[in-house]
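Okay, so here's the structure we're looking at.
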Amino acid sequence: MINSSLKIASVSLPVVWADKKANIDAVSDIMAGIRKDTDLVVLPELFSTAFVPDPDVQMRLAEPDSGETVDKLKELAAGYRMAIAGSYLACDGDGRIFNRAFFVEPSGETTFYDKRHLFSLSPESSIMSAGTGRVPVVRYRGWNIGMIVCYDLRFPVWCRNVGLAYDVMLVPSNWPSVRGYAFEHLLIGRAIENQAYYVGANRGGADDYGDYDGMTFVFDQDGRPVGLADSDDTRVVYVETSRDALERSRKRMPASSAADQFSIII
């Protein structure tokens, strides 16, 4: 099915540190109240655990792709007939830990992406493994949807929309309010230069690393705000993309036709 628009609910919630059950239960409650015509729900980075700097605790909380967190997401996506995206704490058979983004469709089909750029100002870069795959693009209800995670946003080449491959970029994040100005304006810049919607779903609450203030922003292909949450409370921001507006903007400013050609070496 091809939709002329995509209805997105971007969720900003206070994530409880290392309490998987509490966070998954909170998401289940939020899903019950999401508008029924929503196509896609976007959760924050590491929505089920928050960032845990202790490697032993991380290993206890991390799951394979077939773990309880993904199973619950599949159940919710199927039950509400909505796709769900975000990131969670994942592990592989070799004991490596990843910050893994997911896109779970109502059919159960799931796409994963491991965060490439790990944050060097926190223990993330020393206790997690960086992803080695490229930014995925999921075809969902007629829209091409990309996924990156938080700090990836600071790297424009990584986000580059070569050939206008994606229409919407999801950015589940754990971005502190002290750098909120940067988060907002990086999203604006990436949206404009890539001529795509950018959905920054940021967590709320606070932890030992700072406050988060629920800074969830959504910008259209021209960098205009179409949705935001600036509260520390649980918030759901609803936005509706427009295929007509996207195509008109791209035709009015055909910057992609003059884009530089390059390749990324991983």
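Values in this text are rule-based calculations from the coordinates and carry no lab data. As the structure is a computational prediction, the values presented were derived from the model and not from experiment. Cβ sites come from the backbone with ideal geometry, for glycine too, and all protein chains shown count toward neighbours.
Descriptive notes on the structure:
- What the pair-distance distribution of region 155-266 shows, using all Cα-Cα distances binned every 10 Å from zero, is 14, 42, 29, 13, 2 percent.
- Interchain or long-range residues, amide H under 5 Å from VAL226's placed H: VAL218, PHE219, ASP220
- Mean-position separation - Cα centroids, region 173-216 and region 35-91, in angstrom: 19 Å
- For LYS20, a cut-off of 21 angstrom between C-alpha atoms picks up these lysines, skipping any fewer than 8 places away in its own chain: LYS72, LYS74, LYS115.
- Computed helical MRE - 222 nm, the chain, DSSP H runs ≥ 4 contributing -39500 (n - 2.57), nearest 500: -7500 deg cm²/dmol
- Residues THR111, THR49, sorted so that the one with the fewest Cβ neighbours within 10 Å comes first: THR111, THR49
- With a simple spin-label model that places each label point 7 Å from the Cα along the Cα-to-Cβ direction, the separation between SER28 and ASP244 comes to 4.2 nm.
- Packing, as the average of other Cβ atoms within 10 Å across residues, places the peptides 205-213, 101-109 in the order 101-109, 205-213, highest first.
- Approximate spin-label separation GLU193-ALA78, in nm, with each point projected 7 Å along Cα-to-Cβ: 4.2 nm
- Note that region 186-191 has calculated 3J(HN,Hα) couplings of 5, 4, 4, x, 5, 4 Hz, one per residue in order, obtained from phi through the Karplus relation 6.51 cos²θ - 1.76 cosθ + 1.60 (θ = phi - 60°); glycine and proline are x.
- Charge tally for PHE155 (other residues, Cβ to Cβ under 11 Å; Lys, Arg +1; Asp, Glu -1): +3.
- Where only C-alpha atoms are counted, convex hull volume of region 60-103 per residue in Å³: 58 Å³
- From the Kirkwood radius over Cα pairs of region 7-255, Stokes-Einstein at 4 °C and 1.567 mPa s returns a whole-number translational diffusion coefficient of 73 µm²/s.
- Point-charge dipole on Cβ atoms (K/R +1, D/E -1) for region 7-255, about Cα centre, debye to 20: 1020 debye
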